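Shown next, in structure tokens, is the structure this report addresses.
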Amino acid sequence: MSLDRNEKAAVVAGVAAQVARSQTLAMAEYRGLTVENLNKLRVEARAKGVYLHVVKNTLARRAVAGTPFEVAQGAMVGPLIYGFSEDAVAAAKVIADFAKGNDKLVVKGGAYAGRVLDADGVKALASIPSREVLIAQVAGLLKSPIQRLAGVVAALAEKKGGGAQAEAAAPAA
């Protein structure tokens with residue numbers, strides 16, 4: 001089913017709008033993937049805030065022209081599904097995780113921070129914890145020294161308090 005000029009312009013505008021809000025592009029070849037599996041992938045992507053769409057490669061190239069994702073235009077060949085996300089790792093994580101459980105989905109590449117990523121680069125990006133996990137880890141690191149200091153202060157207070165109680169008990173005897 002071919003699109004007329006206005007429909008193509010609308011598709012390019014829609015993808016370009018998503019590209020403008022995104023940090024990451026991940027691409028995968030979906031040849032041989034069943035409709036049921038493709039729908040599962042889309043549901044998972046939607047739940048994680050990833051814009052996942054099958055677009056003609058020529059229209060995808062037009063949509064990313066003039067953006068940091070332009071570097072990936074050379075890899076836009078074959079039947080690809082494109083994943084864009086505002087979160088730096090979400091698109092890569094959704095596609096890479098789904099590819100682990102389904103050999104028909106093959107990670108082809110992507111782009112992040114103006115750099116083109118190969119399949120291994122996308123998988124490496126997917127292995128990075130999400131933003132929320134990283135924030136929790138930093139908070140834990142910041143909290144640890146404070147907890148240790150509080151423990152030392154409490155031990156010193158207990159020691160001094162314990163000595164004062166022993167002295168108070170001695171004259172009474």
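The values are calculated or read from the model by the stated rules, or taken from the named source; none is laboratory data. Everything numeric in this text was worked out from a predicted model, so none of it was measured. As a convention, Cβ positions derive from the backbone with ideal geometry for all residues, glycine included, and neighbour counts pool all protein chains shown. For accessibility, only protein heavy atoms count, side chains too; no ligands or nucleic acids. Shrake-Rupley method; radii C 1.70, N 1.55, O 1.52, S 1.80 Å.
Overview of results
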{"item": "Residue ID - most open to solvent (accessible area, probe 1.4 Å), chosen from residues in the stretch 15-28 that are touching a residue at least 40 places away in the same chain (Cβ under 8 Å), assigned to a helix (DSSP H, G or I) and not polar (S, T, N, Q)", "result": "Arg21"}
{"item": "Top-ranked residue of the stretch 130-156 - restricted to ones that are open to solvent by less than 70 Å² (accessible area, probe 1.4 Å) and over 33 Å from the mean Cα position of the chain (by Cα), ranked as nearest to Gln23 (Cα to Cα)", "result": "Ala150"}
{"item": "Filtered residue count, the stretch 85-98, keeping only those that are surrounded by fewer than 17 Cβ atoms within 10 Å (Cβ to Cβ) and part of a helix (DSSP H, G or I)", "result": "1"}
{"item": "Scope the stretch 103-115; condition more than 12 Å from Ile81 (Cβ to Cβ) and open to solvent by less than 20 Å² (accessible area, probe 1.4 Å); matching residues", "result": "Gly109, Ala111"}
{"item": "Scope the stretch 60-81; condition crowded, with 19+ Cβ neighbours inside 10 Å and part of a helix (DSSP H, G or I); matching residues", "result": "Ala60, Arg62, Ala63, Val64, Phe69, Ala72, Ala75"}
{"item": "Complete set of residues in the stretch 99-117 that are under 20 Å from Ala20 (Cα atoms) and part of a strand (DSSP E or B)", "result": "Gly109, Gly110, Ala111, Tyr112, Arg115, Val116, Leu117"}
{"item": "Matching residues, the stretch 18-45, being under 19 Å from the mean Cα position of the chain (by Cα) and farther than 24 Å from Asp118 by Cα", "result": "Lys40, Val43"}
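Rundown of residues vs (1) in contact (Cβ under 8 Å) with a residue 24 or more places away in the chain; (2) open to solvent by less than 50 Å² (accessible area, probe 1.4 Å); (3) hydrophobic (A, V, I, L, M, F, W, C), yes/no style:
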position: Tyr30; (1), (2), (3): yes, no, no
position: Leu52; (1), (2), (3): yes, yes, yes
position: Gly83; (1), (2), (3): yes, yes, no
position: Lys100; (1), (2), (3): no, no, no
position: Asp120; (1), (2), (3): no, no, no
position: Ile128; (1), (2), (3): yes, no, yes
